[in-house]
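So the structure is just underneath, and the comments pick up after that.
The values are calculated or read from the model by the stated rules, or taken from the named source; none is laboratory data. Keep in mind that this is a model prediction, so the values were computed, not measured. Cβ placement follows ideal geometry from the backbone for every residue including glycine, while neighbour counts extend to all protein chains displayed.
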Amino acid sequence: MSSKLRSSITRNLQKVFWVYVTDNFVISRLSDFKITEAAKTCGFIPIAQDNYFRVRDFRGEDRVSEYGGKIARNEIGFFAECDGKMVGSIWATWNRTQAPTIARAHVRLMPNEALIHDIVTGESFRGMGVGPFMVGRISSALLGEYGVSKIIIDVNVKNHASLRMMEKAGLQAQLRVCSISAFGTLAFEKAVRHGV
């Protein structure tokens, strides 16, 4: 089965019923993470209406509409740029309302909290520190420029590469969370302290 087909099936299943088991990392101040540099000098460029199509530099054509949708939903995104090419991206959903909300069908965000998600590095730049670079930069922007009070990063417990990336960014999991979403709505959530 091709990865595109598998990805499409997974996205459709997640809209109906999905169980998430994640390690959650929480950032509320600059000292909670470290700013790192990638092996190659990278810039950190906001993703906007006039450049979101640059996802083509490191991902397939099918991702252009996905990135356009994220912009339309007011998600906050950044590209990592190296030598004039976009080599990675990172996104955040920010609860700008005065009421709790559910982000991505399974993460509860209180007012002024943000969820970092969809951290992707192009294949030829993996293992070069681009992911931790982006995590540090977006966390700094969310706390400083946007004034977010708390940031959550949830990583699937089976995603060992992303868990290592969080470690390189100076983060330690604080919670293990089991969430169940049904028809795009959070139906169940249970959190325990990590390591308990």
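Check whether at least one residue in the range 165-187 is closer than 20 Å to LYS70 by Cβ, among the polar types (S, T, N, Q) and modelled with pLDDT of 95 or more, and report yes or no. Checked against the condition, which is being closer than 20 Å to LYS70 by Cβ, among the polar types (S, T, N, Q) and modelled with pLDDT of 95 or more, the range 165-187 yields no hits at all.
Matching residues to (1) at pLDDT 95 or above; (2) part of a strand (DSSP E or B); (3) on the phi > 0 side of the Ramachandran plot:
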site: ASN12; (1), (2), (3): no, no, no
site: VAL21; (1), (2), (3): no, yes, no
site: LYS34; (1), (2), (3): no, no, no
site: ILE71; (1), (2), (3): yes, no, no
site: GLY77; (1), (2), (3): yes, yes, no
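Of the numbered criteria (1) surrounded by 16 or more Cβ atoms within 10 Å (Cβ to Cβ); (2) touching a residue at least 60 places away in the same chain (Cβ under 8 Å), the one MET165 fails is (2). Look at VAL155 and say whether it is part of a loop (DSSP other than H, G, I, E, B), of a type outside the set (S, T, N, Q), in contact with a helix residue (DSSP H, G or I) (Cβ under 8 Å, 6 or more places away or on another chain) and crowded, with 18+ Cβ neighbours inside 10 Å. The answer is no for VAL155. Considering every residue within the range 103-120, establish whether at least one is touching a residue at least 60 places away in the same chain (Cβ under 8 Å), assigned to a strand (DSSP E or B) and more than 15 Å from LEU186 (Cβ to Cβ). The answer is yes, given that some residue of the range 103-120 is touching a residue at least 60 places away in the same chain (Cβ under 8 Å), assigned to a strand (DSSP E or B) and more than 15 Å from LEU186 (Cβ to Cβ).
Among the residues of the range 59-96, those identified as among the polar types (S, T, N, Q) and either in contact with a strand residue (DSSP E or B) (Cβ under 9 Å, 6 or more places away or on another chain) or crowded, with 16+ Cβ neighbours inside 10 Å (or both) are ASN74, SER89, THR93, ASN95.
Evaluation of GLN49 against the conditions (1) part of a loop (DSSP other than H, G, I, E, B); (2) more than 28 Å from LYS168 (Cβ to Cβ); (3) at pLDDT below 95 shows that the sole unmet condition is (3). Restricting attention to the range 113-130, the residues that are at pLDDT below 95 and in contact with a Ser or Thr (Cβ under 8 Å, 6 or more places away or on another chain) total 0.
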